[in-house]
Amino acid sequence: MNKEGSFRGIFIVMFISVMIALFWESFPVVKNFVHLILDPTAGVLLQGNLTMGMLFVVLIISLIMTLTQKYLTDQKTLREMKKEQKELQEEMKKLKENPEKLMELQKKQLEFLPKMMKVSMRSIVYTAIPLILFFRWFMDFFSALGDPKFFGFLSWFWFYLLGTLILGAILRKIMNVV
């Protein structure tokens, strides 16, 4: 399998994801199908104990995202690229007094960005649509509950975002994912 990825696939998936989000209410078939799957699974978890259920759902989503990132991206290439970027940054720190050489190194560093994005964003092709479907379901689910607050002040979105940032970082560290 080619793990390098391409921007074309990412753009197509992102376009489909945006269309799903925008037309969620217009296509009840998609909405009803997602509810059919998530109401008896994630919905049951959330109805038991909202905070613990949401934490568990966030953990599962973070785990899936981390595994997808680990196995569908070229981790070796990403590590090499990050190492090269770190070396360039160290070199750039030494050359602060030489603007010409510094500009040359900055150009070289900018050349990494498109390739690094292609390699690191490959997993989006597989996870963007399910995440959008989950987000739309979350919106329906929590609005039906009257938009409850986690810990008294966090909306479901902020709880999810903070949870995935924290749990994702922990999981990436444990699983050695770049």
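The values are calculated or read from the model by the stated rules, or taken from the named source; none is laboratory data. Note that the coordinates shown come from a computational prediction; the quantities given were computed from them, not determined experimentally. We place every Cβ from the backbone using ideal geometry, glycine too, and count neighbours over all the protein chains shown. Ligands, DNA and RNA are excluded from the accessible area calculation, which covers all protein heavy atoms including side chains. Shrake-Rupley method; radii C 1.70, N 1.55, O 1.52, S 1.80 Å.
Candidates 61, 37: the one that is in contact with a Phe, Trp or Tyr (Cβ under 9 Å, 6 or more places away or on another chain), part of a helix (DSSP H, G or I), open to solvent by 70 Å² or more (accessible area, probe 1.4 Å) and at pLDDT 95 or above is 37.
Inside the stretch 114-160, residues that are open to solvent by 60 Å² or more (accessible area, probe 1.4 Å) and assigned to a helix (DSSP H, G or I) make up a count of 11.
Scan 85, 89, 69, 47 and give me the residue that is in contact (Cβ under 8 Å) with a residue 60 or more places away in the chain and not hydrophobic (A, V, I, L, M, F, W, C). Exactly one of 85, 89, 69, 47 is in contact (Cβ under 8 Å) with a residue 60 or more places away in the chain and not hydrophobic (A, V, I, L, M, F, W, C), namely 69.
Go through the stretch 40-58 and give me each residue that's of a type outside the set (A, V, I, L, M, F, W, C) and either buried (at least 18 other Cβ atoms within 10 Å of the Cβ) or assigned to a helix (DSSP H, G or I) (or both).
40, 41, 43, 47, 48, 51, 53
For beta carbons closer than 6 Å, sequence separation of 6+ or different chains, a first residue in the stretch 128-140 that is free of Cβ contacts under 8 Å to residues at least 60 places away in the same chain and a second that is crowded, with 16+ Cβ neighbours inside 10 Å, the qualifying pairs are 138/156.
Within the stretch 7-30, restricting attention to residues that are farther than 30 Å from residue 120 by Cα and either part of a helix (DSSP H, G or I) or touching a residue at least 60 places away in the same chain (Cβ under 8 Å) (or both), which residue is most open to solvent (accessible area, probe 1.4 Å)?
In this case the residue turns out to be 29.
For residue 83, are the conditions met, namely being assigned to a helix (DSSP H, G or I), open to solvent by 90 Å² or more (accessible area, probe 1.4 Å) and farther than 26 Å from residue 142 by Cβ? Give the steps one after another, and end with the answer.
Working: assigned to a helix (DSSP H, G or I): yes; open to solvent by 90 Å² or more (accessible area, probe 1.4 Å): yes; farther than 26 Å from residue 142 by Cβ: yes.
Taking the combined requirement at face value, the residue satisfies it.
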